[in-house]
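Below is one structure; the comments refer to it alone.
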Amino acid sequence: MTTALAELGERLQREYGTLWLHRLKGDPYAALLCDIDDDPGPLRARVRAAGRLWRSGPGPWVTADPATVAALLAHPAVAHVPALPGEAGVTAVDAPDVGPLCARLLDAAGPEFDLVADLAEPLATGALAEVCAIPEPERGRFAEAVAACGTVQDAVVCPQRLDTARRLAPALDTLRSLLDVAPGATGPATVAIAARTGADLVARTALAARSPLPVHEVGPTVEEVLRAEPPTWIAALEASADLELAGARVASGERIAVLLDGGTGAEAVPAHRALAPFHRALAEAVLAALRDRTAELRPTAPAVRRPRAPLTRGPARIPVRVTAAPTTRRGAER
């Protein structure tokens, strides 16, 4: 292990240990970052009870007060912290026709599979590879690089493991090299965030539906999933000037953690506003493919959340079993 890598490991361990120390001392924001497997409702209630805008033990100012949240999101001296500093900002992504890819993934998965690894992630990554015109021989490298960049949003608020952090730089180099030669391709930040939150929405939507939905229920189902489990639960902000708000004085350069409600989570963060059409297209395509091919989808074990992912709170594994649709229905759809 190199000296730089050892120093990185020590820093990450120290920062995460400090976070847990504040959690054990009763800091509700630290608990929200550490206890990702718990119901966030009571923790968010503790954050609200602590005050309109207060400084947490880990350092950032924190608020879950709706009026204060709205004021901060609209304040000209407050900006969103980028997931990948120095990279181009997140831009909109065109949604390709992913119906054939959905069908291939479902047919290859068999009756029992992991909803995340076998469907949601390869669908989101495959759609982005198509949009970015990644050559077929390079799509394996593209998928590996995208997967290694999947923690960039959560890393803004929570230190990651060393083995995760050490893979980020080479993965970004790979993404840049692939995207730079693709005509009209978007940037690494867009790809990384679109893939992670797109896969999360696909998995949550498929799990919420479970059985084939009529066409007119597809859109409302996706919207309900976004309301109940938005792509981000925390907006990480930074003050670019001194400001006074809700009785607190926030100095320039200080971080502010804004806890978002389910109804506002998808719209409050510019990155997710830009990517919302792409994400909805993925989720609706999966529901259509499930309607054509399955009679029922049900979990065979509890879902497992990704570790150290308090901002996205996304699933790492969802084992499921599907019952095939009647042959007559599949034939009719063709």
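Things worth noting here:
- Filter pass, Arg166 being under 26 Å from Glu224 (Cβ atoms), out of contact with any helix residue (DSSP H, G or I) (no Cβ under 6 Å at 6 or more places or on another chain) and open to solvent by 10 Å² or more (accessible area, probe 1.4 Å): no
- Whichever residue in the range 119-130 is of a type outside the set (Gly, Ala, Ser) and without any contact (Cβ under 8 Å) to a residue 60 or more places away in the chain and, among such residues, is surrounded by the fewest Cβ atoms within 10 Å (Cβ to Cβ): Glu130
- Condition check for Ala332: touching a strand residue (DSSP E or B) at 6+ places or on another chain (Cβ under 7 Å), surrounded by fewer than 21 Cβ atoms within 10 Å (Cβ to Cβ) and either at pLDDT below 90 or not aliphatic (A, V, I, L, M) (or both): no
- Residue among Ala241, Ala274, Ala281 that alone is open to solvent by 10 Å² or more (accessible area, probe 1.4 Å), at negative phi, hydrophobic (A, V, I, L, M, F, W, C) and not in a helix (DSSP H, G or I): Ala241
- Residues of the range 217-234 that are among the acidic types (Asp, Glu) and under 23 Å from Val156 (Cβ atoms): Glu229 alone.
- Which listed residue is surrounded by fewer than 21 Cβ atoms within 10 Å (Cβ to Cβ), at pLDDT below 95 and closer than 14 Å to Val202 by Cα, from Ala325, Ala288, Ala316: Ala288
- Cβ separations smaller than 6 Å between residues 6+ apart or across chains give the following pairs from the range 58-71 residues that are modelled with pLDDT of 95 or more to residues that are assigned to a loop (DSSP other than H, G, I, E, B) and among the hydroxyl-bearing types (Ser, Thr, Tyr): Val62/Ser56.
- Only one of Val116, Val78, Val90, Val98 that is crowded, with 20+ Cβ neighbours inside 10 Å, in contact with an Asp or Glu (Cβ under 9 Å, 6 or more places away or on another chain) and closer than 26 Å to Ile256 by Cα: Val78
- When Asp107 is tested against (1) of a type outside the set (A, V, I, L, M); (2) in a helix (DSSP H, G or I); (3) within 24 Å of the chain's Cα centre (by Cα), exactly one condition is not met: (3).
- Only one entry of Leu72, Leu32, Leu12, Leu84 meets the criterion of being open to solvent by less than 20 Å² (accessible area, probe 1.4 Å), in a loop (DSSP other than H, G, I, E, B) and not β-branched (Val, Ile, Thr), and that entry is Leu84.
- Consider the range 241-285 and keep the residues that are modelled with pLDDT of 90 or more and of a type in the set (D, E, K, R). The one that is nearest to Val98 (Cα to Cα) is Glu284.
- Among the conditions (1) among the hydrophobic types (A, V, I, L, M, F, W, C); (2) under 24 Å from Leu119 (Cα atoms); (3) modelled with pLDDT of 95 or more, Ala228 misses just one, which is (3).
A quick yes/no check of all residues on (1) closer than 30 Å to Thr323 by Cα; (2) open to solvent by less than 60 Å² (accessible area, probe 1.4 Å); (3) at pLDDT below 95:
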site: Gly150; (1), (2), (3): no, yes, no
site: Leu178; (1), (2), (3): no, yes, no
site: Ala182; (1), (2), (3): no, yes, yes
site: Ile193; (1), (2), (3): no, yes, no
site: Thr205; (1), (2), (3): yes, yes, no
site: Glu217; (1), (2), (3): yes, no, yes
site: Glu223; (1), (2), (3): yes, no, yes
site: Trp233; (1), (2), (3): no, yes, yes
site: Leu237; (1), (2), (3): no, yes, no
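- Tally, over the range 15-29, of residues that are surrounded by 13 or more Cβ atoms within 10 Å (Cβ to Cβ) and not in a loop (DSSP other than H, G, I, E, B): 10
- Any pair with Cβ under 7 angstrom, 6 or more apart, that starts in the range 227-256 at a residue that is within 22 Å of Pro270 (Cβ to Cβ) and ends at one that is surrounded by fewer than 14 Cβ atoms within 10 Å (Cβ to Cβ) and at pLDDT below 95: Arg227/Gly263
The values are calculated or read from the model by the stated rules, or taken from the named source; none is laboratory data. Everything numeric here is computed off the predicted structure, so don't read it as measured data. No Cβ is skipped: glycine too gets one built from the backbone with ideal geometry, and neighbour counts run over all protein chains shown. Areas reflect the complete protein model, heavy atoms only, side chains present, ligands, DNA and RNA absent. Shrake-Rupley method; radii C 1.70, N 1.55, O 1.52, S 1.80 Å.
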